[in-house]
1. List the residue pairs whose Cβ atoms are under 6 Å apart, where the first residue sits in segment 126-148 and is touching a residue at least 40 places away in the same chain (Cβ under 8 Å), the second is surrounded by fewer than 11 Cβ atoms within 10 Å (Cβ to Cβ), and the two are 6 or more positions apart or on different chains.
2. Restricting attention to strands (runs of 3 or more DSSP E) lying wholly within segment 13-129, give those where 2 or more residues are within 16 Å of the ligand (Cβ to nearest atom) and modelled with pLDDT of 95 or more.
3. Checking residue 3 against (1) within 14 Å of residue 103 (Cβ to Cβ); (2) within 16 Å of the ligand (Cβ to nearest atom); (3) hydrophobic (A, V, I, L, M, F, W, C), which single condition isn't satisfied?
Amino acid sequence: MNIAIGSDHAGYEYKEILKECIGGLGHHAVDLGTAGTASCDYPDFAFAVADSVAQGKSDFGVLICGTGIGMSMAANKVPGIRAALCSEPLSARFSREHNNANVLCLGARVIGIEMARELIRAFLSGVFAGDRHSGRLKKIEEREHGAG
Ligand code: RB5
């Protein structure tokens, strides 16, 4: 799968490590920046990754900032994006199984790099369970499109 990945300065070092983790899992990491530790604005990278996923250029996205909060707030403004901010594996797994999340957000100042790796593995191996969860997601989608 193609996995779009982006960070701001606070998540840059994690991004570099997690690209290797994604490659090691047999996927292709598509790096959409930032390119270093110079201070920058997280929405620029959240939108780059979210647009890539929403437009079908990438299968999933991974976003890293200091807390993961700003990235998740920005990514969830893009229609079609279901971004999940996770700090432990159960949420990462269920974000796929129950919420059909398509972007994983991580906080580099909140979790350690080993936990970040574990969350990537849990997220990318999760499968949406459909069934009752589909109707719940449809309600979010209807709201997104101005109905409901
Ligand atoms: C940058 O200092 C920090 O605000 C950012 O990485 C992120 O945590 C925002 O949510």
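The values are calculated or read from the model by the stated rules, or taken from the named source; none is laboratory data. Remember, predicted model here, so these are calculated numbers, not experimental data. Neighbour counts run over all protein chains shown; Cβ positions are idealised from the backbone, glycine included.
1. Correct list of pairs: 144/79.
2. Result: 60-65, 83-85, 103-107.
3. Result: residue 3 passes all but (2).
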